[in-house]
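What follows is one structure encoded as structure tokens, with my remarks underneath.
The values are calculated or read from the model by the stated rules, or taken from the named source; none is laboratory data. A quick note: this is a predicted structure, and the numbers were derived from the prediction, not measured. All Cβ positions, glycine included, derive from the backbone under ideal geometry; neighbour counts span all protein chains shown. We work out accessible area using only protein heavy atoms, side chains counted, and drop any ligands, DNA or RNA first. Shrake-Rupley method; radii C 1.70, N 1.55, O 1.52, S 1.80 Å.
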Amino acid sequence: MSNTTAESAASPKKLGAVDQAGAIDFGRGFKTGKKFVFVVNNDRFFLTHRASWAAALAASGGKVTVIAQDTGYADTILDLGFDYVPLHFGRESISLKEALTTAIKLLLLLLKIRPNVVFLVATAAYALGWPAAMLLPKTKFIRVITGAGRALTADGGTTRASAVVRWGLVLSAKLRNVFSLFQLKSDQANFVAANLAVNGRSYLIAGTGLDTDKWAPTTIRESTSPVVLFAARLFREKGIYEFVDLARATPPGQARFVVVGKPDSGVTSSVTSEELKSWQDSGVIEYLGESNDMLSVFRQADILVLPSTHPEGTPRTLIEAAACGVVAIASDQEGCRAVVTHGQTGLIASVAENGSFYSALQSLLNDPAYRLALSKEARARAVDNFSLETTLGKIYAAVGIGNKC
């Protein structure tokens, strides 16, 4: 991966741009006058994961407002034609006072906008946004649950943040205008069993949707050495330390180990800047920072490694990699298996089993023909199961847009 690629990937305008044209084309086939609000923990996550939904709805005539924490991408959201309201969302360290303050501000914003549909995307949004549903009974609130989340895992289950999340889920599940969107059947079943969601008011949509005509491989490569990629937020549960250990164990010169992402200051297990510098100085990894052009990153990668113990939904990074023909080695958990079929479209390995990821990586590095076969199948699966059109069709059904122009 060249410096030119890294520099071009830094442009904020590139973030979320790959799927915009396809989403707009889809949206133009429908007509609506509804008002939609996306409540997301930060502006960048909206652009990477939900901007295509918003673009389609806007192209159908809907008015879209984004409420998210400003991390530097507000202008990009505004340039897409959406209204934008900055709002601070706490993370693991949030106090009850901060949570209450944010919930009140969000409530007042939604009462002012009076939207038809509100998407509460990820933990912070649905934990703090649900009270508005009590005062807006005609508004449909959709809690977008992309995974169990740290706040609901065994390790995080006793934290203050976990208590706020669980309490909010239980109360909001009782409201008839509150719906839930899941990526995994098991998450849906677990939430329903724990009275955190209601089966009859739940949707199952596997991913965020990709324009697979754009997310595609290229035959032009700038590297002759296999590139092994880690692309995620840099905190322990995502597997960054296992990836570094894997790089250290691999014989020198066999592959290049590239990390894309940045430390997550809102998570207690985040990688430190000192650790990153040490890994770079020792030459164990190449660090490109956070990229706003993952298409270019994946087009120059050969293998994606995700040794995650985080409770994943269907990781978008695995879907993007598959669409680009990048073979993934992913953790043995349901969210990863929903994207990667072991021995057919990639490999599944166990973080708990010593040497599991190393053996999987060696099988791909030592057998390029096997890697190519998996690459082709990964691409085909992404096209068949995670296309933008399929996903948007399900979103439109959920929000009540069913008649084409």
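Does segment 16-45 hold any residues that are farther than 15 Å from residue 294 by Cα, out of contact with any Leu (no Cβ under 7 Å at 6 or more places or on another chain) and part of a helix (DSSP H, G or I), and which are they?
Answer for segment 16-45, where residues must be farther than 15 Å from residue 294 by Cα, out of contact with any Leu (no Cβ under 7 Å at 6 or more places or on another chain) and part of a helix (DSSP H, G or I): 21, 24, 25, 43.
Of all residues in segment 62-85, which are in contact (Cβ under 8 Å) with a residue 24 or more places away in the chain, under 28 Å from residue 401 (Cβ atoms) and open to solvent by 70 Å² or more (accessible area, probe 1.4 Å)? So that I can check it myself, show each step before the final result.
From segment 62-85, those in contact (Cβ under 8 Å) with a residue 24 or more places away in the chain are 62-77, 79-80, 82, 84-85; that's our starting set.
Pick out the ones that are also under 28 Å from residue 401 (Cβ atoms) and you get 62-68, 73-74, 76-77, 79-80, 82, 84-85.
Of everything in segment 62-85, those that are in contact (Cβ under 8 Å) with a residue 24 or more places away in the chain, under 28 Å from residue 401 (Cβ atoms) and open to solvent by 70 Å² or more (accessible area, probe 1.4 Å) turn out to be 63, 79.
Hey, residue 335 hits all of (1) touching a strand residue (DSSP E or B) at 6+ places or on another chain (Cβ under 9 Å); (2) open to solvent by less than 10 Å² (accessible area, probe 1.4 Å); (3) of a type outside the set (Val, Ile, Thr) but one; which does it fall short on?
Against the list (1) touching a strand residue (DSSP E or B) at 6+ places or on another chain (Cβ under 9 Å); (2) open to solvent by less than 10 Å² (accessible area, probe 1.4 Å); (3) of a type outside the set (Val, Ile, Thr), residue 335 comes up short only on (1).
Restricting attention to segment 356-376, does a residue exist that is out of contact with any strand residue (DSSP E or B) (no Cβ under 8 Å at 6 or more places or on another chain), surrounded by 20 or more Cβ atoms within 10 Å (Cβ to Cβ) and not acidic (Asp, Glu)?
No, that holds for no residue.
Name the residue that is farthest from the chain's Cα centre (by Cα), counting only residues in segment 358-400 that are charged (D, E, K, R) and closer than 20 Å to residue 345 by Cα.
Ranking the qualifying residues of segment 358-400, first place goes to 367.
Only one of (1) buried (at least 21 other Cβ atoms within 10 Å of the Cβ); (2) farther than 22 Å from residue 185 by Cα; (3) in contact with a Gly (Cβ under 9 Å, 6 or more places away or on another chain) fails for residue 290. Which number is that?
Checking residue 290 against (1) buried (at least 21 other Cβ atoms within 10 Å of the Cβ); (2) farther than 22 Å from residue 185 by Cα; (3) in contact with a Gly (Cβ under 9 Å, 6 or more places away or on another chain), the one that fails is (1).
Can you find, within segment 46-61, the residue that is surrounded by the fewest Cβ atoms within 10 Å (Cβ to Cβ) among those that are of a type in the set (S, T, N, Q) and part of a helix (DSSP H, G or I)?
The first filter runs over segment 46-61 and keeps only residues of a type in the set (S, T, N, Q), leaving 48, 52, 60.
So of that shortlist, the ones also part of a helix (DSSP H, G or I) come out as 48, 52.
Values: 48: 19, 52: 28.
Residue satisfying both the conditions and the ranking: 48.
Regarding segment 264-282, can at least one residue be identified that is under 23 Å from residue 211 (Cβ atoms), of a type in the set (A, V, I, L, M) and surrounded by 17 or more Cβ atoms within 10 Å (Cβ to Cβ)?
For segment 264-282, residues under 23 Å from residue 211 (Cβ atoms), of a type in the set (A, V, I, L, M) and surrounded by 17 or more Cβ atoms within 10 Å (Cβ to Cβ): absent.
Does segment 208-229 contain any residue that is open to solvent by 10 Å² or more (accessible area, probe 1.4 Å), modelled with pLDDT under 95, within 21 Å of residue 123 (Cβ to Cβ) and not hydroxyl-bearing (Ser, Thr, Tyr)?
No, every residue in segment 208-229 fails to be open to solvent by 10 Å² or more (accessible area, probe 1.4 Å), modelled with pLDDT under 95, within 21 Å of residue 123 (Cβ to Cβ) and not hydroxyl-bearing (Ser, Thr, Tyr).
Name every residue in segment 31-43 that is crowded, with 18+ Cβ neighbours inside 10 Å and modelled with pLDDT of 95 or more, in order of residue number. Please lay out each step first, then the result.
Within segment 31-43, the first condition is being crowded, with 18+ Cβ neighbours inside 10 Å, and the residues that meet it are 32, 35-43.
Answer for segment 31-43, where residues must be crowded, with 18+ Cβ neighbours inside 10 Å and modelled with pLDDT of 95 or more: 32, 35, 36, 37, 38, 39, 40, 43.
Which one of these is among the basic types (Lys, Arg), buried (at least 19 other Cβ atoms within 10 Å of the Cβ) and farther than 19 Å from residue 50 by Cα: 238, 174, 185? First the steps, then the outcome.
Values: 174 fails: buried (at least 19 other Cβ atoms within 10 Å of the Cβ); 185 fails: buried (at least 19 other Cβ atoms within 10 Å of the Cβ).
Residue meeting the stated conditions: 238.
What are the residues in segment 87-107 that are open to solvent by 80 Å² or more (accessible area, probe 1.4 Å) and closer than 30 Å to residue 23 by Cβ, if any?
Across segment 87-107, the qualifying residues are 88, 91, 105.
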